[in-house]
1. What does the charge count around Lys259 come to, taking other residues whose C-beta lies under 15 Å from its C-beta (Lys +1, Arg +1, Asp -1, Glu -1)?
2. So who's got an amide H within less than 5 Å of the one on Val188, skipping anything under 5 residues away but keeping other chains? H placed 1.01 Å off N, in plane.
3. Taking square-rooted eigenvalues a ≥ b ≥ c of the alpha carbon gyration tensor, is region 312-393 rounded, prolate or oblate, where a/c under 1.5 means rounded and, failing that, a/b exceeding b/c means prolate?
4. Where is the GNM fluctuation largest for the chain (alpha-carbon springs, 10 angstrom cutoff): Pro218, Pro26, Pro253?
5. Within 10 Å, at most 15 other Cβ atoms, and a DSSP state outside H, G, I, E, B define an exposed site. Report the longest part of the chain free of exposed GluC sites (Glu not before Pro).
6. Explain nothing, just compute: Karplus ³J(HN,Hα) = 6.51 cos²θ - 1.76 cosθ + 1.60, θ = phi - 60°, for every residue of region 330-346 in order, whole Hz, x for Gly and Pro.
7. Can you give me the long-range amide H partners of Leu224? Hydrogens built in the peptide plane at 1.01 Å from N, cutoff under 5 Å, separation of 5 or more residues or another chain.
8. For region 90-146, state which trypsin sites (Lys or Arg not before Pro) are in a DSSP loop and have at most 11 other beta carbons lying within 10 Å of their beta carbon.
Amino acid sequence: MKLLLHIGTAKTGTTTAQQWLSKNRPTLNNTGLWYPEVGGVNHQWLAILAMDPDKPDDGFYRLGLTDPEKHEAFVSKVSEAFAREYASASSARLRTAVISSEHLQLRLPNDEMVARVARFLADYFTSVEVIIYLRPQVDYAVSSASTASLLGSKVDVDWFNNESSLEAHLDYNQLVDRWEEAFGRSNVRLFSYRHAPSLVEMLIERFGIDRTNTVGVPNLNTALSVEKIALNNALQIPQFNEDNVVNQNRDIPFSALPKGNKLSIGLPLARKIQDRFNKSNRLLAERRDDVRWEDLNPDWSAYDRPSNLHLLDQECLFGRELASLVQAFNGQLHLERAAHAISGIQFAVAQGKVEQARGHLRAALQEIDAAAQIKNLKSNADRMRSIAVQAAQALRQPSPQS
């Protein structure tokens with residue numbers, strides 16, 4: 001079986017492509033393509049597998065991998081699941097697999113980590129074609145600002161001027177070199193995000209996928225307005241708690257807020273950011289025939305508008321209080337959802353639907369755990385936990401004799 005390994009880069013439509021691939025698995029199978037179900041929509045697990053277990057990052061923490069032993073158990077579990085699914089796909093005579101995760105670009109900064117990916121895949125595939133979409137670095141940086149803001153970073157002029165954080169991901173010559181070293185230069189294909197068809201369009205054309213049998217997906221990961229980024233700057237709600245547990249009480253219904261104004265960094269800063277990568281981009285364009293210097297330069301007219309970054313630095317005197325309020329509202333919402341799930345337990349028990357009741361119990365306990373992260377709601381969460389467990393006790397009761 002052959003493999004198309006799509007590693008991003010991030011901010012080149014990866015999330016939308018992955019949603020499309022996951023929603024259209026049956027149609028892909030009919031065309032001889034296999035998009036693995038292991039990991040769900042995004043195959044982040046492959047990057048996690050290749051990372052150093054003693055150097056956890058936020059991706060580890062989101063999965064609860066707080067120590068090397070948990071990482072080892074995770075790797076074992078996903079490896080076994082992938083092997084089973086591969087065997088099934090082979091039995092079904094699927095000819096080509098597609099694996100997609102921008103984390104392979106973002107999380108693997110050295111040759112050894114990429115080599116681990118190559119060694120793992122060599123046990124399954126006769127050939128691997130690495131697919132990399134590249135966009136001008138300044139465009140990437142502006143698009144990344146929304147994601148960084150949503151994850152709790154303070155986005156301002158200093159954020160854009162932080163050379164180390166951007167260059168770790170955006171030196172495309174070094175990135176391509178790592179993957180060429182592991183998979184062979186001829187097995188790495190570069191595509192221009194600005195000028196080439198999207199990953200989905202490329203697959204449809206290449207494999208003759210019947211478009212009429214596919215499910216469409218909307219464009220995902222839309223940008224935040226400058227006002228919404230300023231709001232996140234004022235709140236500064238951490239992504240993780242002190243014990244590296246994901247903070248589940250930081251959601252903000254941005255879609256309910258006014259649309260706002262587009263973030264604009266201005267032409268001088270845009271050129272300053274892009275200039276950092278000109279040397280690397282020229283080297284890459286000179287040694288590859290599938291990417292041009294023009295592909296890695298932005299449409300400068302997009303940066304003609306004056307900068308509005310000054311709006312991100314305005315002080316909010318009640319930012320801490322507002323952050324507490326947002327988290328409290330999130331906690332209350334978790335308790336409301338838990339109460340709804342408990343009602344589901346009781347209804348399912350009354351109907352004798354054991355598995356359904358257990359599903360409602362799991363949902364209730366997850367919501368209660370989230371609410372319990374709020375100190376002032378912990379006692380309420382503990383009481384609701386007792387109610388949920390009590391409601392589920394009937395699952396252990398023998399049915400009355402008729």
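1. Values: positive: Lys228, Lys262; negative: Glu227.
Result for the local shell: +1.
2. Correct list: Val130.
3. On the way: a/c = 4.47, a/b = 2.91, b/c = 1.54.
Note, shape of region 312-393 comes out prolate.
4. Pro253
5. Details: sites that count: Glu37, Glu242, Glu315.
So the longest stretch without any such site is 38-241.
6. Each residue's phi maps through the Karplus curve to give 4, x, 4, 5, 4, 5, 4, 5, 5, 4, 5, 5, 5, 4, x, 4, 4 Hz.
7. Distant-sequence amide H within range of Leu224: Ser146.
8. Values: sites: Arg93, Arg95, Arg107, Arg116, Arg119; in loops: Arg93, Arg95, Arg107.
Passing sites in region 90-146 are Arg93.
Since every read-out is calculated from the coordinates, none of them should be taken as a lab result. Since the model is a prediction, treat every value here as computed from it, not as a measurement. Here the Cβ is made from the backbone with ideal geometry for all residues, glycine too, and neighbour counts use every protein chain on show.
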